[in-house]
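Structure, as structure tokens:
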């Protein structure tokens, strides 16, 4: 763990806040059923600032005035409790956590409510994610009222409440070297999982069997969890964008679309590959697949500094629309297809999203009314697709062809670096890998 990276993020946030106090709680534990909990995952904002992964924790940042007071970062966390550790595992405790995670101070979470009143007093601004959690909204209101109750003693509550996410989202949009290294490794692991899936896929297997191979490889190589629920969609299921049942038999002659990525130390990978269940693309599948791959190549070429977030999507759409005309899936001119958006019959989603601690990561997509300009350090996905259902009244050879190809791109000073490029995606490479596995 790179403590300096987290300390630098807190310092940057403090500098951008101006005078005031920021309160960033982590996520609560969630009950799965009765007395069993879901595997714990810390809130992304708290994790971004602290690296601390235990529940019942709060990050508090206090921006000094630069004269009499200095900026301060504080962690509230669970007490060290050897008896509870017998049941639930290791706890840092405030003293050890402050040192290990580079905080100026740390306190027991049991002291939080009283301390918040003290720390909020005479702060001009409160930075907090308003409306994110109703229970925390109530807790913050209680602390504010606790300060206001001391007005006769000359103590003032913050006059302004500002959403801390506006500051943190802008920071999280640009990945530092520590984050990039983690995301490269997550991409490598996820790519190996996709290759494993290609090797073991056969007609007659079930989607969940292939999902199990993905999960095995994620954990075997160090990812703590999938970054999101894996999509393992055979045949017609590939035309359902968020299909997650993963319970159908894989049929000879169909395609299998897998949208899956591992999460490593909180950071997501997001890869989609589509390949023939029997190891060989049919003629129609080959045509549509190459069209989507060409669209991705166009989007990758448009992913560079100075272009906007929308430009890769626009580049992909133009290639897809022309291909749909060439394959007789659509009629008319390219201009009319683009103007009327008739291509959305087969391609209805955007070509990418920000990627980081969340698979759909924090960060605005527009500055005012204009699409945000791409700049070095941004990480995004590039994922064109084409989904053809029998109801679309197209030739039978194209029925139930659902294809998406997705990679993770780091914007560089000269273009972009596809950090998941090692995952096979050309027709030749996919067929060769699957043929080798069948020997």
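The values are calculated or read from the model by the stated rules, or taken from the named source; none is laboratory data. Quick caveat, the model's predicted, so the values are computed rather than measured. Here the Cβ positions follow ideal geometry from the backbone for every residue, glycine too, while neighbour counts run over all protein chains shown.
Is it true that residue 359 is closer than 26 Å to residue 416 by Cβ, modelled with pLDDT of 95 or more and surrounded by 17 or more Cβ atoms within 10 Å (Cβ to Cβ)?
So residue 359 passes the test.
Among the residues of segment 256-276, those identified as touching a helix residue (DSSP H, G or I) at 6+ places or on another chain (Cβ under 8 Å) and within 13 Å of residue 197 (Cα to Cα) are 256, 257, 258, 260, 261, 271, 273, 274, 275, 276. Among the conditions (1) more than 26 Å from the chain's Cα centre (by Cα); (2) within 16 Å of residue 26 (Cβ to Cβ); (3) buried (at least 20 other Cβ atoms within 10 Å of the Cβ), the only one that residue 63 does not satisfy is (2). Just a yes or no: is a residue in segment 393-402 buried (at least 22 other Cβ atoms within 10 Å of the Cβ) and either within 25 Å of residue 251 (Cβ to Cβ) or without any contact (Cβ under 8 Å) to a residue 60 or more places away in the chain (or both)? The answer is yes, given that some residue of segment 393-402 is buried (at least 22 other Cβ atoms within 10 Å of the Cβ) and either within 25 Å of residue 251 (Cβ to Cβ) or without any contact (Cβ under 8 Å) to a residue 60 or more places away in the chain (or both).
When 125, 145, 160 are checked against the criterion of being under 27 Å from residue 8 (Cβ atoms) and surrounded by fewer than 12 Cβ atoms within 10 Å (Cβ to Cβ), a single residue qualifies: 160. Selection of first residues in segment 115-129 that are in the same structural domain as residue 62 (by TED's automatic domain parsing) and free of Cβ contacts under 8 Å to residues at least 40 places away in the same chain and of second residues that are in a helix (DSSP H, G or I) and crowded, with 20+ Cβ neighbours inside 10 Å, restricted to Cβ pairs under 7 Å at least 6 apart or on distinct chains, gives the following pairs, ordered by first then second residue: 117/143; 117/147; 121/147.
Condition first: on the phi > 0 side of the Ramachandran plot and part of a helix (DSSP H, G or I). Can you find one or more residues in segment 284-299 that meet it? Can you show your working first?
If we filter segment 284-299 for residues that are on the phi > 0 side of the Ramachandran plot, which is where we start, we get none.
No, there is no match, as no residue in segment 284-299 is on the phi > 0 side of the Ramachandran plot and part of a helix (DSSP H, G or I).
Taken together, 242, 194, 216 contain a single residue that is part of a helix (DSSP H, G or I) and loosely packed, with under 15 Cβ neighbours inside 10 Å, which is 216.
Against the criterion of being closer than 16 Å to residue 127 by Cβ, more than 23 Å from the chain's Cα centre (by Cα) and exposed (fewer than 13 other Cβ atoms within 10 Å of the Cβ), residue 19 does not qualify. The set of residues in segment 420-439 being more than 30 Å from residue 328 (Cβ to Cβ) and buried (at least 22 other Cβ atoms within 10 Å of the Cβ) consists of 420, 423.
The one condition from (1) touching a helix residue (DSSP H, G or I) at 6+ places or on another chain (Cβ under 8 Å); (2) outside any helix (DSSP H, G or I); (3) over 30 Å from residue 4 (Cβ atoms) that residue 102 does not meet is (3). Among the residues making up segment 219-239, those that are assigned to a loop (DSSP other than H, G, I, E, B), surrounded by fewer than 17 Cβ atoms within 10 Å (Cβ to Cβ) and touching a strand residue (DSSP E or B) at 6+ places or on another chain (Cβ under 7 Å) are 222, 224.
Matching residues to (1) under 30 Å from residue 95 (Cβ atoms); (2) not in a helix (DSSP H, G or I):
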position: 113; (1), (2): yes, no
position: 118; (1), (2): yes, no
position: 126; (1), (2): yes, yes
position: 132; (1), (2): yes, yes
position: 136; (1), (2): yes, no
position: 166; (1), (2): no, no
position: 170; (1), (2): no, no
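Mind counting the residues in segment 172-191 that are touching a strand residue (DSSP E or B) at 6+ places or on another chain (Cβ under 8 Å), assigned to a helix (DSSP H, G or I) and closer than 27 Å to residue 130 by Cβ? First the steps, then the outcome.
The initial filter retains those residues of segment 172-191 that are touching a strand residue (DSSP E or B) at 6+ places or on another chain (Cβ under 8 Å), namely 173, 175, 179-180, 182-183, 185-187, 189-191.
This time we only want the ones that are assigned to a helix (DSSP H, G or I), so: 179-180, 182-183, 185-187, 189-191.
Next cut, closer than 27 Å to residue 130 by Cβ only: 179.
So the count comes out to 1.
Going by the structure shown, is residue 330 crowded, with 19+ Cβ neighbours inside 10 Å, in a loop (DSSP other than H, G, I, E, B), in the same structural domain as residue 263 (by TED's automatic domain parsing) and in contact (Cβ under 8 Å) with a residue 60 or more places away in the chain? The answer is no for residue 330.
Looking across segment 1-52, the residues that are more than 23 Å from residue 225 (Cβ to Cβ) and assigned to a loop (DSSP other than H, G, I, E, B) come down to 18, 19. Residue-level check: of (1) touching a strand residue (DSSP E or B) at 6+ places or on another chain (Cβ under 7 Å); (2) crowded, with 16+ Cβ neighbours inside 10 Å; (3) not in a helix (DSSP H, G or I), residue 306 misses just (2). Taking segment 67-99 as the range and being modelled with pLDDT under 95 and touching a helix residue (DSSP H, G or I) at 6+ places or on another chain (Cβ under 8 Å) as the test, only 71 passes. Screening residue 38 on (1) surrounded by fewer than 20 Cβ atoms within 10 Å (Cβ to Cβ); (2) touching a helix residue (DSSP H, G or I) at 6+ places or on another chain (Cβ under 9 Å) shows it passes everything except condition (2).
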